[in-house]
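Asker: Got a structure for you, written out below as structure tokens; questions coming shortly.
The values are calculated or read from the model by the stated rules, or taken from the named source; none is laboratory data. Fair warning: this is a prediction, and the values are worked out from it, not measured in the lab. Using ideal geometry, Cβ is built from the backbone for each residue, glycine included, and neighbour counts are taken over all protein chains shown. Calculation scope for accessible area: heavy atoms of the full protein, side chains included, ligands and nucleic acids excluded. Shrake-Rupley method; radii C 1.70, N 1.55, O 1.52, S 1.80 Å.
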Amino acid sequence: MTLIQTFDTLTNRTSHSLVSAESDNAISDNAISQPDLQPDSHSDLPPDSHHRPHHSDLLGSYLDSGIQLPPLPIVRPLLMVGHGTRNPRGRQDLIDFAKIYQELDASRPVIPCFLELTEPSIQAGVDQCISQGYTDISVLPILLFAARHNKFDVTNELDRAKARYPQLTFHYGRHFGITPAIFELWQARLALLDTPEHNPNGIAREDTVLLFIGRGSSDPDANGDVYKLARMMWEGSGYHTVETCFIGITHPRLEEGFRRSRLYHPKRIIVLPYFMFTGVLMEKIERIAAEQQLQYPDTEVAMLPEMGIHPLLLSVLRDREIETQQGQVQMNCEMCKFRIVATTAEQRSGHGHNHDHSDHGHDHAQGHDHAHEHASHEHASHGHTHGHDHGANADPYAEPEKYHNRIWQVP
């Protein structure tokens with residue numbers, strides 16, 4: 001299995017490298033310092049390859065890219081909410097992403113935080129805003145699709161913060177979604193795989209299957225967006241076909257995706273993991289891809305890396321922040337299962353229901369009325385259970401039948 005190394009991000013690094021102790025990750029007062037990690041003892045990479053670029057180098061790389069950010073219409077602090085990961089490099093990616101974005105425009109604070117699995121938490125991020133005298137805050141979910149975390153868990157955390165600080169007003173923005181910039185990013189990487197350096201056997205696209213891997217969620221609407229994007233990547237590409245699969249929660253899973261891909265007898269399978277940053281799941285995808293290559297050596301497997309801190313992602317981030325400031329956040333919520341349940345309840349009760357976020361400080365500016373059911377969100381000892389397994393427990397969705405029986409339920 002060939003793990004493709006691209007050089008289009010601002011933190012190019014080699015597989016298996018760890019966060020260097022020299023890395024500057026003190027983006028905010030509440031950001032935890034990373035432990036002094038040593039390079040992977042099993043890696044045969046040169047020592048220099050384990051060091052991440054300094055922030056000044058990253059900023060210079062962005063400026064050299066030629067992409068310029070439009071000015072912000074409002075000076076308002078930005079809370080960037082990542083999912084969170086137990087992987088130190090994945091955590092650092094989000095912090096670096098925020099740090100670079102802040103350095104490109106120092107007109108307002110940019111504060112990174114995480115929903116779960118690592119620190120600083122959303123509550124800690126809000127505390128920092130309060131300590132600096134800010135009560136009017138933009139909040140952006142650094143998430144690719146609008147699943148439960150985006151619609152339910154992050155907003156519940158904001159409700160908790162609002163209960164602690166009633167004077168707060170949150171302006172909640174949109175996830176990254178399907179955008180031309182991200183589409184362009186992946187098209188450029190796929191073109192790279194046509195070059196002799198990355199395709200020494202000269203395998204044609206018509207002899208290649210594109211295997212598109214999403215994270216997987218318990219929201220059918222978000223899973224459908226993964227299929228939509230995968231199909232759009234295939235349209236006009238010349239690949240024999242595209243197979244779509246997921247690394248967790250929903251189905252088909254990655255192993256099944258490989259099995260389906262082999263049914264076309266391709267000479268090559270290109271693995272496209274649709275992830276923003278690295279983490280435990282990216283490592284799992286890499287491991288399974290390597291196993292598949294060993295098991296079926298006659299079919300070449302080439303795996304692309306996660307998106308990383310790419311200049312185009314910074315442009316999308318800017319678009320999302322401006323949308324939030326101008327109150328122009330729009331989401332397609334017609335098939336959101338939270339909305340469907342709320343609408344059904346309204347019809348049965350015979351009276352209208354409007355989940356107005358303004359009464360508890362959210363200005364989502366998108367007119368959707370998801371039923372954020374606060375009673376079911378457990379916060380005891382900060383022991384969040386955000387609706388999917390992170391490896392500590394058995395997979396509740398491992399059997400497709402159980403998944404189908406539960407998927408349209410809401411928390």
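Asker: Starting from the amide H of Gly82, placed 1.01 Å from N in the peptide plane, find each other amide H under 5 Å away whose residue is 5 or more places distant or on another chain.
Answerer: Close amide H contacts, sequence-distant or interchain: Cys113, Phe114, Leu115, Ile142.
Asker: Follow-up question, since we're still on this one. Going through the stretch 210-268, which GluC sites (Glu not before Pro) have at most 10 other Cβ atoms within 10 Å and a DSSP loop state?
Answerer: Values: sites: Glu235, Glu243, Glu255, Glu256; in loops: Glu235.
Those that pass, being in a loop and sparsely packed, are Glu235.
Asker: Also, quick follow-up: Counting only residues 5 or more places away or on other chains, whose amide H sits under 5 Å from the amide H of Arg253 once H atoms are built in the peptide plane?
Answerer: Result for Arg253 returns Phe246.
Asker: May I pose another question? Sequence-distant or interchain residues sharing an amide H contact under 5 Å with Met303, placed H: which?
Answerer: Thr2, Leu3, Ile4, Val271
Asker: Could you check how much of the accessible area of the stretch 180-303 is carbon and sulfur, as a whole percent, using a 1.4 Å probe?
Answerer: On the way: 2740 of 5130 Å².
For the stretch 180-303, the apolar C and S fraction of the accessible surface comes to 53 percent.
Asker: Still on this structure: Pop out the ³J(HN,Hα) list for the stretch 190-206 in order, Karplus 6.51 cos²θ - 1.76 cosθ + 1.60 with θ = phi - 60°, rounded to Hz; leave Gly and Pro as x.
Answerer: These are the phi-based 3J(HN,Hα) values: 5, 4, 4, 6, 8, 6, x, 4, 9, 9, x, 8, x, 6, 6, 5, 5 Hz.
Asker: Keeping the other protein chains in place, figure out the carbon and sulfur percent of the accessible area of the stretch 57-172, with a 1.4 Å probe. Please report the intermediate quantities before stating the final value.
Answerer: On the way: 1910 of 3640 Å².
Ligands and nucleic acids excluded, carbon and sulfur give 52 percent.
Asker: Let me ask you something else. What is the stretch 57-172's relative contact order, in percent, from Cα pairs under 8 angstrom and six or more apart in sequence? Provide the component values of the computation, followed by the final result.
Answerer: Details: 144 pairs, mean separation 33.2, N = 116.
29 percent.
Asker: Pull out the extension gain between Arg259 and Thr135, defined as 0.36 nm times the separation in residues minus the alpha carbon to alpha carbon distance; nm, one decimal. Mind showing how you got there, number by number?
Answerer: On the way: separation 124, 0.36 × 124 = 44.64 nm, distance 5.21 nm.
Computed gain between Arg259 and Thr135 is 39.4 nm.
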